[in-house]
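Asker: First the structure, which I've put down as structure tokens, then a few questions once you've had a look.
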Amino acid sequence: MVFELRQSLKLTQQLVMTPQLQQSIKLLQLSRIELVDAINQELEENPLLEDGPTDSDPEAVVIPEVDDIKVETTTKEITGEGDGKEDFDWDSYLEDFGPMGVPHGREDVDAAPFENMLTKTRSLSDHLLWQLNLSHLTDVERRVGEQIIGNLNSDGYLMATPEEIATIEDVAPAFVEEVLVKVQEFDPPGVAARDLKECLLIQIGFLDIESELPEKIVNKYLKDLETRNYQSIASKEKVPIRDVQEAALLIGTLNPKPGLPYNEEKPQYIIPDVFVFKLGDRYRITLNDDGLPRLKVSNFYKEILGGMKTNGGDKSKEYIKEKLQSATWLIKSIEQRQKTIYRVAESILDHQIEFFDKGISYLKPMVLRDIADDVQMHESTISRVTTNKYIHTPRGIFELKYFFNSGINRMGDVQIASQSVKEKIRQIISGEDSKKPYNDSKIVNILAASNISIARRTVAKYRDMLGILPSSKRRKYF
């Protein structure tokens, strides 16, 4: 066996993602809020980027605003000479103002302290501890109460047993039970309960009602209440079914998770990326650039770069050139992102024009390939564009992904969008007789009368997705 070293020439092709392409893909899949955060971070890190050009600034590279998606750019000869900035009297300026442009000796005597401008949402434990400290309790009772409050979950239920708390505080379990009863009198009603039954009974105890039936139902018939088997409850308690119905309505007003309102996240407000308006007989698409930083390259650093010597080893020049390239890439990537969103929204409008004219019932089946073929892009690009991007239409605000639906066959080889079928199911159920609600099989027959062929299990699946209960739980007796 002989080992040899040889050289050979081989020609191959491979796909290489440039940094600019990677940045474009990254920006494309960001939501609007994430995009603003990314731009603000780049503004902090890159001194060559500036925000807020005006219409009178002829050197601004402006992100396109509305349906005019052409980018206005102008160039200026870069020289080492100034443009009149040296005429400004910097010495006089710095005599009156500090380095950040704030007058020396300025005192905002009327301004409120910064701490007074801050706020936070009060948690469940904060709310309960505040009530605990206002109660007439001994030191031992207060310590036990703090242990009880500290062992509540996000729904307000006690997750530790009285025996466990008694061991920690070295007291009798009966003593913990006494303190627990006092904590259960705090707001919100039902807090510190150990299970759903106790939670509901505590809330019923706060109500000024004469009937004992709601308490009996919670104590003995929670399972029947869940399945709305009111007839069984009425038979066992020997009361009219109307009384059971009224008691069930009362119980339905109680809160099974009293601590949840104190732990809910703040609502996330949606800012549309695209607006669609109807002007006359035509629709107009407008990109939403409100609040989006409008970027340009700093002329100050461009002049510095032009005034430097052409010395390849100059680190300052290399740094400015690197940041200039990064700033240019970011501006072009944002420009490309806006163009792509506009084109995709325009294609969706063309494909779903009947939805915009007539409503959700006219939504057509559509897949990513339909839009990808139309705008000459890859399906993965369309998927990125439609993720976390929202469009404001005369029909409401929708995520761009909302318009992509699988198709369900109509009779005659015609398809209808699954979202339209869900809407039809919702309309059918909303128009039913509450005393004789439609079961899933009946809904299948009603849809078949509209030439929509669908299985019963599909109706059940869509009904669950709409948050609609089965017919047995939708029935009302009077």
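Asker: Could you list all residues from segment 153-164 that are charged (D, E, K, R) and in a loop (DSSP other than H, G, I, E, B)?
Answerer: Initially, segment 153-164 is screened for residues charged (D, E, K, R), giving 155, 163-164.
Scanning segment 153-164 gives a single hit, Asp155.
Asker: Restricting attention to segment 206-221, which residues are in contact with a Pro (Cβ under 9 Å, 6 or more places away or on another chain) and surrounded by 14 or more Cβ atoms within 10 Å (Cβ to Cβ)? Even if it seems obvious, please write down each step before you answer.
Answerer: Keep residues of segment 206-221 that are in contact with a Pro (Cβ under 9 Å, 6 or more places away or on another chain), which gives 206-207.
Those that are in contact with a Pro (Cβ under 9 Å, 6 or more places away or on another chain) and surrounded by 14 or more Cβ atoms within 10 Å (Cβ to Cβ): none in segment 206-221.
Asker: Identify, please: which residue in segment 305-327 is surrounded by 13 or more Cβ atoms within 10 Å (Cβ to Cβ) and in a loop (DSSP other than H, G, I, E, B) and is, among those, modelled with the highest pLDDT?
Answerer: Looking at the filtered set, the residue picked out is Asp314.
Asker: Give segment 351-369 a look and list any residue that's assigned to a helix (DSSP H, G or I), touching a residue at least 12 places away in the same chain (Cβ under 8 Å) and in contact with an Asp or Glu (Cβ under 8 Å, 6 or more places away or on another chain), or say none.
Answerer: The answer is His351, Ile360, Ser361, Tyr362, Leu368.
Asker: If Ile408 meets every condition in (1) crowded, with 16+ Cβ neighbours inside 10 Å; (2) at pLDDT 80 or above apart from one, which number is that one?
Answerer: Going through the list (1) crowded, with 16+ Cβ neighbours inside 10 Å; (2) at pLDDT 80 or above, Ile408 breaks only (2).
Asker: On to the next question. Counting only residues that are hydrophobic (A, V, I, L, M, F, W, C) and surrounded by 18 or more Cβ atoms within 10 Å (Cβ to Cβ), which one in segment 276-304 is farthest from Val344 (Cα to Cα)? Full working, then the answer.
Answerer: Residues of segment 276-304 that are hydrophobic (A, V, I, L, M, F, W, C), as a first pass: 276-277, 279, 285, 287, 292, 295, 297, 300, 304.
Add one more test, that the residue is surrounded by 18 or more Cβ atoms within 10 Å (Cβ to Cβ), and what stays is 276, 285, 287, 292, 295, 297.
Details: Val276: 13, Ile285: 11, Leu287: 12, Leu292: 20, Leu295: 24, Val297: 29 Å.
The selected residue is Val297.
Asker: Right, another one. Can you confirm whether segment 256-270 contains a residue that is assigned by TED's automatic domain parsing to the domain that holds Pro188, exposed (fewer than 14 other Cβ atoms within 10 Å of the Cβ) and under 16 Å from Val218 (Cα atoms)?
Answerer: No, every residue in segment 256-270 fails to be assigned by TED's automatic domain parsing to the domain that holds Pro188, exposed (fewer than 14 other Cβ atoms within 10 Å of the Cβ) and under 16 Å from Val218 (Cα atoms).
Asker: Let me ask something additional. Give all pairs with beta carbons closer than 7 Å in which a residue from segment 167-189 that is over 17 Å from His136 (Cβ atoms) meets a residue that is of a type in the set (Phe, Trp, Tyr) and at pLDDT below 95; count only pairs at least 6 apart in sequence or on separate chains.
Answerer: Every condition considered, the pairs that remain are Pro189/Phe206.
Asker: For a quick check of your reading: which helices (runs of 4 or more DSSP H) sit entirely within segment 187-247 and have at least 1 residues that are under 38 Å from the mean Cα position of the chain (by Cα)? Explain how you work it out, then say what you get.
Answerer: Values: elements: 196-206, 213-220, 222-226, 230-237.
Because the criterion is at least 1 residues that are under 38 Å from the mean Cα position of the chain (by Cα), the helices (runs of 4 or more DSSP H) in segment 187-247 that meet it are 196-206, 213-220, 222-226.
Asker: Does Ile39 satisfy being surrounded by fewer than 16 Cβ atoms within 10 Å (Cβ to Cβ), in contact with a helix residue (DSSP H, G or I) (Cβ under 8 Å, 6 or more places away or on another chain) and modelled with pLDDT of 50 or more?
Answerer: The answer is no for Ile39.
For every residue, the table says whether it meets (1) assigned to a helix (DSSP H, G or I); (2) under 20 Å from Phe277 (Cα atoms); (3) within 23 Å of the chain's Cα centre (by Cα).
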residue: Trp329; (1), (2), (3): yes, no, no
residue: Ser333; (1), (2), (3): yes, no, no
residue: Gln336; (1), (2), (3): yes, no, no
residue: Tyr342; (1), (2), (3): yes, yes, yes
residue: Glu346; (1), (2), (3): yes, yes, no
residue: Leu349; (1), (2), (3): yes, yes, no
residue: Ile371; (1), (2), (3): yes, no, no
residue: Ile382; (1), (2), (3): yes, no, yes
residue: Ile391; (1), (2), (3): no, yes, yes
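Asker: Of all residues in segment 121-152, which are among the basic types (Lys, Arg) and part of a helix (DSSP H, G or I)? Before you say what the answer is, go through the steps one by one.
Answerer: Let us first name the residues in segment 121-152 that are among the basic types (Lys, Arg), namely 122, 142-143.
Correct list: Arg142, Arg143.
The values are calculated or read from the model by the stated rules, or taken from the named source; none is laboratory data. Keep in mind the model is a prediction, meaning the values are calculated, not measured. Please note: Cβ atoms are built from the backbone with ideal geometry, for glycine as well, and neighbour counts cover all protein chains shown.
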